[in-house]
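Values quoted throughout were computed directly from the atomic coordinates according to the rules given, and no laboratory measurement underlies them. Here the structure is a predicted model, which means the values were calculated and not measured. Heads up, the Cβs are rebuilt from the backbone with ideal geometry, glycines too, and the neighbour counts pull from every protein chain shown.
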Amino acid sequence: MPQIRLIGADGEQIGIKSTDEALKYAWDMNLDLVEVAPDAKPPVCRVMDYSKYKYEQEQKAKLARKHQSTITIKEIKLRPKIDPHDYATKKGHVVRFLKNRDKVKVTIMFRGREMTHPDRGRQLLLKLADEVQDLGIVESAPLQDGRNMVMMLAPHKNAPVASPADAAPEPDSDAVAAPAPEAESEKAADPAPAGDTT
């Protein structure tokens, strides 16, 4: 006759019992016999209210899902010779996204002769990272990718969560939610500021 290791309703070790003895023990207490460690030798079974146990497990899973955070990646595009006012606007978007617990992909787009001065783009990205360091960290340092230079910012783990008003998108934002850092939308291309010449 198969044997099991029996655990009582309060977690106490009852010992090795035959399956029939364990079932009778559970029935006498008006509870269920539930196998909790089938691979153990002998298998471990526990006396419990299975309906209550199942309900508690569902509540734990629901709570875990509630606390799970979905990482969204927003994208901001800049030009090396960006106008100070435009830079302040774009920086405002970055600040808002980081407060909203989103990652931000910041892309510098080079055109024409700008490609010969990648250091300008790098300096601009590092300046931005320095100005928002109280909200986010550089997760991926500025990296040249063809005609673009990309830097990834991530919110601090203990950063405060923004209010819904902070999270509302602004009409002039060119930010794009990206499913992954390498994904880039052609529609999100940022036109050059009016005073920008190459």
What's the extension gain from residue 156 to residue 127 if we count 0.36 nm per residue and subtract their Cα-Cα distance? 8.7 nm
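Once you have the Cα-Cα distance between residue 39 and residue 89, take 0.36 nm times their residue separation minus that, and quote the gain in nm to one decimal. It would help to have the intermediate numbers written out before the result.
Numbers: separation 50, 0.36 × 50 = 18.00 nm, distance 6.00 nm.
12.0 nm is the gain from fully extending residue 39 to residue 89.
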Globularity index of region 3-50, i.e. its alpha-carbon radius of gyration over 2.2 N^0.38 Å: 0.97
Cβ-based net charge around residue 62, under 14 Å, with every Lys or Arg adding one and every Asp or Glu removing one: +2
At a 10 Å Cβ-Cβ cut-off, how would you order 39, 28, fewest neighbours first? 39, 28
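Do me a favour and compute the ellipsoid semi-axes for region 1-99 from its Cα gyration tensor, root of five times each eigenvalue, largest one first, whole Å. Walk me through the numbers on the way to the answer.
Details: eigenvalues 736, 39, 14 Å².
Those come to 61, 14, 8 Å.
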Place a point 7 Å from the Cα of residue 63 along the Cα-to-Cβ direction; which residues of region 21-57 have their backbone N under 15 Å from it? 53-57
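Find the relative contact order for region 69-150 and round it to a whole percent, using C-alpha pairs within less than 8 Å whose residues are 6+ positions apart. It would help to have the intermediate numbers written out before the result.
On the way: 88 pairs, mean separation 27.5, N = 82.
Reported as a whole number, the value is 34 percent.
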